[in-house]
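The values are calculated or read from the model by the stated rules, or taken from the named source; none is laboratory data. This is a predicted model, so every value here is computed, not measured. Note that each Cβ is placed from the backbone with ideal geometry, even for glycine, and that neighbours are counted across all protein chains shown.
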């Protein structure tokens, strides 16, 4: 029993996260209303509409909900592109993301003071999410087991360990690369995983990139051991 406990202490435990949407009761039908609510709404709402965009099953044209609404409902494509360029994972705090969103909208309103409103029923509804985290019963104690697990788990653990971890772990580091470096002592591999830009990829693309890196490392380790992959 002690051996099992010790082994799990050094294994990677995959966790799942699910989010339940909660309405804030706030909505905007115009760009000016959107700007005012963004400036005052809770951090949880900003987080939901920006950081958690990558948890959605279907990635749309733009990279956050505000940009999507500006482009599709207001038909302000230029603004949508500017809002899409805001990288939440390149910001240190949610307040930085909020400030960037407000600055982009303010600049746009200076140039175009009377943008169109949304049609009735097509307003922007501000939501928050209540996130629940739980283990999925999958552990990996080496690279081979990690690779197998990575290929078969669903998108929830990928999001939780690669995206959400950047807000949870000090230094903005994902759980995968931290385990590879701290437990398996694979510093070079960890740096490669850490270098993947979360803003530029979907969860499935992240899975594919990391799987490819792990497979190359496993093959290299086998060759060093005199075993042909």
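A few remarks follow.
Each row is one residue, and each column tells you yes or no for (1) touching a strand residue (DSSP E or B) at 6+ places or on another chain (Cβ under 9 Å); (2) without any contact (Cβ under 8 Å) to a residue 24 or more places away in the chain; (3) under 23 Å from residue 18 (Cα atoms); (4) not in a helix (DSSP H, G or I).
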site	(1), (2), (3), (4)
158	no, no, yes, no
164	yes, no, yes, no
172	no, no, yes, yes
179	yes, no, yes, no
185	no, yes, no, yes
189	no, no, no, no
219	no, yes, no, no
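- Subset tally (residues that are crowded, with 17+ Cβ neighbours inside 10 Å and within 13 Å of the chain's Cα centre (by Cα)) for the stretch 174-200: 4
- Inclusion of residue 9 among residues that are modelled with pLDDT of 95 or more, closer than 30 Å to residue 146 by Cα and outside the structural domain of residue 171 (by TED's automatic domain parsing) is not warranted.
The rows are residues; the columns are (1) assigned to a helix (DSSP H, G or I); (2) over 26 Å from residue 164 (Cα atoms); (3) within 19 Å of the chain's Cα centre (by Cα).
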{"site": "38", "(1), (2), (3)": "yes, no, no"}
{"site": "68", "(1), (2), (3)": "yes, no, yes"}
{"site": "83", "(1), (2), (3)": "yes, no, yes"}
{"site": "100", "(1), (2), (3)": "yes, no, yes"}
{"site": "106", "(1), (2), (3)": "yes, yes, no"}
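- A residue that is surrounded by fewer than 19 Cβ atoms within 10 Å (Cβ to Cβ), in contact with a strand residue (DSSP E or B) (Cβ under 7 Å, 6 or more places away or on another chain) and not assigned by TED's automatic domain parsing to the domain that holds residue 165 cannot be found anywhere in the stretch 48-69.
- Any hit, the stretch 27-44, residues being at pLDDT below 85 and in contact with a strand residue (DSSP E or B) (Cβ under 9 Å, 6 or more places away or on another chain): no
- The residue that is surrounded by the most Cβ atoms within 10 Å (Cβ to Cβ), counting only those in the stretch 111-138 that are in contact with a strand residue (DSSP E or B) (Cβ under 9 Å, 6 or more places away or on another chain) and part of a loop (DSSP other than H, G, I, E, B), is 118.
- The residue pairs whose first member lies in the stretch 85-99 and is on the phi > 0 side of the Ramachandran plot and crowded, with 16+ Cβ neighbours inside 10 Å, whose second member is at pLDDT below 95 and part of a helix (DSSP H, G or I), and whose beta carbons are closer than 8 Å, counting only pairs six or more residues apart or on different chains, do not exist in this structure.
- Filtered by the rule that a residue be farther than 14 Å from residue 39 by Cβ and either out of contact with any helix residue (DSSP H, G or I) (no Cβ under 9 Å at 6 or more places or on another chain) or modelled with pLDDT of 95 or more (or both), the stretch 87-110 gives 92, 107, 108, 110.
- Subset tally (residues that are within 15 Å of residue 198 (Cβ to Cβ), touching a residue at least 60 places away in the same chain (Cβ under 8 Å) and not in a helix (DSSP H, G or I)) for the stretch 48-66: 2
- Any chance residue 117 is within 12 Å of residue 50 (Cβ to Cβ), in contact (Cβ under 8 Å) with a residue 60 or more places away in the chain and either within 15 Å of the chain's Cα centre (by Cα) or not assigned by TED's automatic domain parsing to the domain that holds residue 173 (or both): no
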